[in-house]
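Below you'll find the structure, written out as structure tokens, and then a few comments.
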Amino acid sequence: MVPRLVAALRGYGAPVSSPSDRDPTDSPAAPPVTHATARRVVLDAGGRAPLLPEARTAFLEALDQGWADPRRLHAEGRRARMLLDGAREAIAASVGARTQEVDLAPSHTAALHGAVRSVVRGRRRVGTQVVVGAVERAAVLNAADFAGDRQTVGVDGDGRVDPDEFSAALARPGVALAALQHANGEVGTLQPVASVHDAARSAGVPLLVDAGASLGHLDVGDAWDLLAADAGDWGGPGGLGVLVSRSGVRRSPDWPEDEDRWFPGGVSVPAALAAAVALQVAVATRSADDAARRRLVDTVRTRVSADVPDVDVVGHPVDRLPHVLTFSCLYVEGEALLTALDERGFAVGSGSACTSSALEPSHVLAAMGALTHGNIRLALPRGTTAQDVDRFLEELPGIVADVRQAWGVGGL
């Protein structure tokens, strides 16, 4: 079934089609499948999952029908505005909010920065302290440092904050904002969001929940005052963030005035429509998709521990995201393992999920007291097969052994 947002485009004369029945001249042809490309196994979809087919269809249709500036008053502008409002309405329905509470940002990072900065400024008469968990994304930690006085709550060996400790930090005077992720995108551990939200409400402090790794994969619930998410993570286009603010949360921008108050310049209408369609699909198929991926992650956890010597599998084994897993190997660097796996056809992550391009030691693993080197992070995209995982697990022990041998630590 074509998602209703795409179906709405029929009213403007655009035929709705799927990628399979589209004229191949409408878009560049896909590169031919070679022996090398057929062997690629992508196990790194955190923050940038493959674009869902339904989202691609929506994006292409919106390029034709939603290209105009949605702030213009002519028919083309009103059409683009209708699509943009429809995207916001669909996202709002998926998270249990009102359409007017949904803002679209140019990135997930921009959504997090904007939330922290605007709430701290809006509540500056209360104070400037921002209470955060130690394993929050770098975007949250950096924004807290920029906007106010960061107060960090530690985590246990699974990466979970102590709700009592977090509650005690909230009860201190001068707290403007609390920030706690729904689940950690690096090790998968779920956080006690409901308990912390109750404490924040009692203290009169708004709670920002980062659902960048959760929305579309799990039900994020309603224990939040501000909710941030990343369209690229649930199978929408990258470069689009979501920020939902409950009515009553005081915010004040600390940037120049613009027609779009919270995220000046607006966002791409085709990207917004594609993101909304992808979220509808992800939520509708969530139970089946994530049950399958949870079984695969359970298999990886068991076999990596059994088959690879000197390895530390981290994160809570049960209370976690269904598709995320990190393990660390002694005596080697994550970059060396990533490179070796890539050469054998496996795309994986390494380092902190939010700073992996720099391949820096993970602040998440450091906060947990786990190994910070030699770590591999998996985030299974929808459609990952048992054959993909089996091949990875069959080759992994040999690849780790080869890297250790090359580093001169094979006998340790």
Rg and Dmax of the stretch 75-283, Cα atoms only, in Å: 16.4, 57
Fewest-first sequence of V311, V324 by Cβ atoms within 10 Å of each Cβ: V311, V324
Local electrostatic count at G212 - Lys and Arg +1, Asp and Glu -1, tallied over other residues with Cβ under 10 Å: -2
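Counting other beta carbons within 10 Å of each Cβ, put S287, S328, S252 in order, fewest first. Walk me through the numbers before you get to the answer.
Numbers: S287 10, S328 23, S252 13.
Starting with the residue having the fewest Cβ neighbours, the order is S287, S252, S328.
Counting helices only, and only those DSSP H runs with n ≥ 4, report the 222 nm mean residue ellipticity of the chain as the sum of -39,500 (n - 2.57) divided by its residues, in deg cm²/dmol to the nearest 500.
Using -39500 (n - 2.57) per qualifying helix, the result is -12000 deg cm²/dmol.
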Most positive-pole-ward Cα, W224, G265, L240, against dipole of the stretch 213-317 from beta carbon charges: W224
Inter-probe distance in nm under a simple model that places probes 7 Å from Cα toward Cβ, at S195 and S287: 2.9 nm
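Most exposed first by the Cβ proxy, i.e. fewest other Cβ within 10 Å, how do E136, E54 rank? Before the final figure, lay out the partial values.
Values: E136 28, E54 24.
Result, fewest neighbours first: E54, E136.
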Cα-centred dipole magnitude for the chain, charges only on beta-carbon of K, R (+1) and D, E (-1), debye, nearest 20: 1040 debye
Computed label-point distance, nm, for sites R344 and D156 using a 7 Å Cα→Cβ extension: 3.4 nm
Selection from V196, V120, F392, by position along the positive dipole direction of the chain (Cβ): V120
Simple Cβ-charge dipole of the stretch 286-406, Lys/Arg +1 and Asp/Glu -1, about Cα centre, in debye nearest 20: 440 debye
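Coordinate-derived values only; no laboratory data. Worth saying up front: this structure is predicted, and the values here are computed from it rather than measured. Here Cβ is always computed from backbone atoms with ideal geometry, including for glycine, and neighbour counts include all displayed protein chains.
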